[in-house]
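Enquirer: Supplied in C-alpha cells, the structure appears directly below.
Bear in mind that the values in this text are calculations on the coordinates, not laboratory data. Since we're looking at a predicted model, the values are computed, not measured. Positions of Cβ are generated from backbone atoms using ideal geometry, with glycine treated the same way; all protein chains shown enter the neighbour counts.
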Amino acid sequence: MANQLFDFGLIGLGVMGRNLLLNMADHGFAVIGYNRSPQKVTELESEIVPGTTVKGTSDLKVMVEALKSPRRITLLVQAGKPVDDVLNELIPLLDKGDIVIDGGNSHYTDTLRRVQYMQEKGFHFMGMGVSGGEEGARRGPSIMPGGDPEAYEHVKPMLEAVSAKVNGEPCVAHLGKGAAGHYVKMVHNGIEYGIMQLISEVYDVLHRGYGLSNDELHEVFKQWNDGELQSFLVEITRDIFLKNDNKTGKRLVDVVLDKAGSKGTGKWTSQDAMDLGIAIPTIDIAVSMRNLSALKHERVTAAAVYPSGIKITGVSKEDIIQQAREALFFGTMISYAQGLALLFVASKEYDMEIPLPEVVKIWRGGCIIRSTLLEVFYRAYAGNPELSNILLDSHISALLKSRTDNTRKFIGMAVQAGVPVSALAVSLGYFDAYRSAVMPTNLIQAQRDFFGAHTYQRIDEEGIFHSNWQ
C-alpha cells in the first residue's frame, strides 16, 4: 500500500461513514477509511465492490501518509468533544494546506471555533451538513458545505459526484462563509422536526380520532405522495403502515412506544431563533412535543385524571381526508417558511452570505425534507433572492389561501374532539399573526410600561414614551 496514493480519507467508519466512502469509490475515487476499531475496518472491507479502490486501517498515521497532497480528509464522528479529540490526533500528522471537513452534526459555534483554530495552524477546515440517512450516504445525499471557498474547490468534484441528482443537477453547493454549512443543516433538521410532528398529528386525528385502519392510512398517504404532498417523509410514512411485526403479527407501528428520541439539532434551531428574535413556533412546538412524549408515565396517570372520549363524528371519510391533506400541506409550507426566514436573518446577522436559492435547490434531492414543494420555493427565490419570507411570494400565497378554510375546519374538529394538534394549530396561529397588520401587542407594551416603566412607542408620533397609568 505504500505506493498507493488515495484521493480521500474518511475518519469514522460507522454506517454513514462506510456508506459515504463506498459511494466515493463507486464514482472512481481511491479512498481510505480509518477507525480505531478493527471490527469497523473489517465491516468496511467486507462491503467493498469489486473494481473499486477502497482501503481500511486502524492506524491514523497510515491513512494520513497514504493520501495525495493536499490531503482531503472528512470526519464523520459524533459531534462535540470527539471531533476535537480527532483533530488533536490528526494535527501533528498534517502538512500546511491540508483540508479537513467535519461532516457530522456539529453545532455551528463549534465549527466557527475550529475554523479559526485550524487556520492558525495553516490548515483548511470546513463544516459540512450531510442529509439522507444511510441510504442517502450510499446512493447520493444532499450535501451542505460552507466556509473556506479555496478548500471547497479542492473537494467540489468529489462532492458533486457523490451527491444526489435532480434533473441532472448535483444536490450540493457552497452555502456561504464560516459555519454556514452546519447552520443550514441545523435549520434543515429543525424543519424536519416540524414536518414530522405535523404528519404525526394528522395521523392521530385520522387513526385515533376518526378510526382509519393502517391499510386505509397506507392508501391515504399513497394518494398524497402521488400528488402535491410528494415528499420523502410522506413516502416513508405510507410504507410504515404496512410493515408487520415479526413478534406479534400486528402492524409494527402499533407496537412502537410513543416516546420520541432526538439528537438535539431541533433544540439548537429553536435556541438560536430565540437568540435572534425570529419566530419559528412550528419547530419550537415540535421540539416541545418530543419532550412531552418522554413523560410517558405521567401522561398515563394524567389520562386517568382527565379521561376523554376521543371520537370524531359528523364528517364523511372523503371530507376529513381532504381536510387532512390540505392542513398537512398548509402546516408543511409554514414549517419551511419559518426555517427559511431564520436562515435569511442568520445569514446577515452572522455574516454567512447563505444563498437561499441554492439551499432550496440542493434540498430537492437526497435529504430527509426533500419534497416537490422545494421546486415552488426555488422558483420564488429565483424571482427574488432577497425574499425575507416565502409567505410574501404571490404564487405561494395563492397556494396557502386556497387551503386555509379546510385547515381551520380540520384543526377545529381535532380540538373539539380533544386530539392534540399543537403543531397544526401553532402553524395557523403564526400565519394569522404574520398577516395581521394590527396585533394586540399594544396592550402588552402598556402593561410593561405600567408595572416596569419599560416605555412604549406611539402610532401618531416618533419617540419613546412613558406614562403614569394609575
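Enquirer: Given a Förster distance of 51 angstrom, what is the FRET efficiency for ASN389 paired with GLU216, based on the Cβ-Cβ distance and rounded to 0.05?
Expert: Efficiency computed from Cβ-Cβ geometry: 0.90.
Enquirer: Which length gain, in nm to one decimal place, applies between THR52 and GLN78 when the Cα-Cα distance is subtracted from 0.36 nm times their residue separation?
Expert: Working: separation 26, 0.36 × 26 = 9.36 nm, distance 2.75 nm.
That works out to 6.6 nm of additional length.
Enquirer: Still on this structure: Within the stretch 315-347, list the residues whose amide N lies under 17 Å from a label point set 7 Å along Cα→Cβ of SER262.
Expert: Answer for this model: 335-336, 338-339.
Enquirer: Once all Cα-Cα distances of the stretch 1-154 are split into 5 Å bins that start at 0, what whole-number percent is in each one?
Expert: Pair shares across the bins are 2, 10, 20, 24, 23, 15, 6, 1, 0.
Enquirer: Follow-up question, since we're still on this one. Modelling each spin label as a point 7 Å along the Cα-to-Cβ direction, I'd like the GLN39/GLU134 distance in nm, to one decimal.
Expert: The answer from the label model is 1.5 nm.
Enquirer: A follow-up question, please. Using r as the Cβ-Cβ distance of GLU160 and ILE91, and R0 as 35 Å, what FRET efficiency do you calculate, to the nearest 0.05?
Expert: Calculated transfer efficiency: 0.80.
Enquirer: Which of ARG364, ARG458, ARG238, ARG408 comes first, and how do the rest follow, when ranked by fewest Cβ neighbours within 10 Å? Kindly include the intermediate steps, with their values, before the conclusion.
Expert: Details: ARG364 23, ARG458 10, ARG238 19, ARG408 16.
With the sparsest Cβ surroundings first, the list reads ARG458, ARG408, ARG238, ARG364.
Enquirer: Measure nothing fancy, just the Cα-based angle from helix 180-204's long axis to the longest principal axis of the chain, in degrees from 0 to 90, nearest 10.
Expert: Rounded to the nearest ten degrees, it is 50.
Enquirer: List SER402, SER231, SER106 from most exposed to least, where exposure is judged by having the fewest other Cβ atoms within 10 Å. Kindly include the intermediate steps, with their values, before the conclusion.
Expert: On the way: SER402 12, SER231 21, SER106 27.
Arranged by neighbour count, lowest to highest, SER402, SER231, SER106 become SER402, SER231, SER106.
Enquirer: Starting from the amide H of ILE11, placed 1.01 Å from N in the peptide plane, find each other amide H under 5 Å away whose residue is 5 or more places distant or on another chain.
Expert: Those lying under 5 Å, H to H, from ILE11 are TYR34, THR74, LEU75, LEU76.
Enquirer: Hey, fewest Cβ within 10 Å first, where do TYR210, TYR434 land in order?
Expert: TYR434, TYR210
Enquirer: Just going by the charge dipole of the stretch 344-470, with Lys and Arg at +1 and Asp and Glu at -1 on Cβ, which of TYR430, VAL376, MET352 is farthest out on the positive end?
Expert: Sorting the options by dipole projection puts first VAL376.
Enquirer: Round to the nearest 0.05 the FRET efficiency obtained for ASP239 and GLU298 when R0 = 35 Å and r is the Cβ-Cβ distance.
Expert: 0.60
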